[in-house]
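The values are calculated or read from the model by the stated rules, or taken from the named source; none is laboratory data. None of these values were measured; they are calculated from a predicted model. Because the Cβ atoms are built from the backbone with ideal geometry, glycine has one as well, and the counts that use them run over all protein chains shown. The protein model used for the area step is the full one, side chains on, heavy atoms only, and it has no ligands, DNA or RNA in it. Shrake-Rupley method; radii C 1.70, N 1.55, O 1.52, S 1.80 Å.
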Amino acid sequence: MAQIFVLGRVENNLEVKKSQNHSSYVCFYVKEQTGPGQTQSYQVWAWDTDVSRLIRMGVKKGSLVWFTGTMKLVDSTENHGRDRTKLLKVYLTNWGYVPSWHSRRDHTNGSGDSESLPDTSIPSAEVLDGDRESLPE
């Protein structure tokens, strides 16, 4: 497996499920813009505390996120098993919203309704002021 870092948009709403050993998990897709008119999709898997954080922070279809994880290329089928393909499967290790560099925290969701995004602003740096020691010569 390889380590990966990706910036992309979530392609589907998250649906929490329970595994056979009663762990909560989600599986969702993220699409990355790789070049002009080119994209790459990843199937992302998360469990337990990562699931809780994803849900609590309001990740949904269209959210712009970064994530890291271990990636594996797996065989897959589409169209009810008729077409064989390869799938990039990522096991989530960390994630976050991509910071917005403008001061507006509300956006419109296409229907004209305004939605509030989670606060992803970067805190201001602490200012240290005082006497400085001279550098050695």
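Do we find that residue 17 is of a type in the set (Lys, Arg), more than 26 Å from residue 100 (Cα to Cα) and touching a residue at least 60 places away in the same chain (Cβ under 8 Å) in this structure? Spelling it out, it is not the case that residue 17 is of a type in the set (Lys, Arg), more than 26 Å from residue 100 (Cα to Cα) and touching a residue at least 60 places away in the same chain (Cβ under 8 Å). Applying the condition of being within 16 Å of residue 69 (Cβ to Cβ) and charged (D, E, K, R) to segment 14-34 and asking which residue is most open to solvent (accessible area, probe 1.4 Å) yields 31. For segment 61-78, what are the residues that are surrounded by 15 or more Cβ atoms within 10 Å (Cβ to Cβ), of a type outside the set (A, V, I, L, M) and over 11 Å from residue 90 (Cβ atoms)? Selection gives 63, 66. Can you tell me which residues in segment 48-60 are touching a residue at least 60 places away in the same chain (Cβ under 8 Å) and exposed (fewer than 14 other Cβ atoms within 10 Å of the Cβ)? Result: 58, single match. Select from segment 13-24 the residues that are assigned to a strand (DSSP E or B) and out of contact with any helix residue (DSSP H, G or I) (no Cβ under 6 Å at 6 or more places or on another chain) and list them in ascending order. Correct list: 17, 18. Is there a residue in segment 35-47 that is surrounded by 14 or more Cβ atoms within 10 Å (Cβ to Cβ) and within 20 Å of residue 99 (Cα to Cα)? No, segment 35-47 has no match at all. Give the residues of segment 36-47 that are in contact (Cβ under 8 Å) with a residue 40 or more places away in the chain and more than 22 Å from residue 15 (Cβ to Cβ), sorted by residue number. Scanning segment 36-47 gives a single hit, 40.
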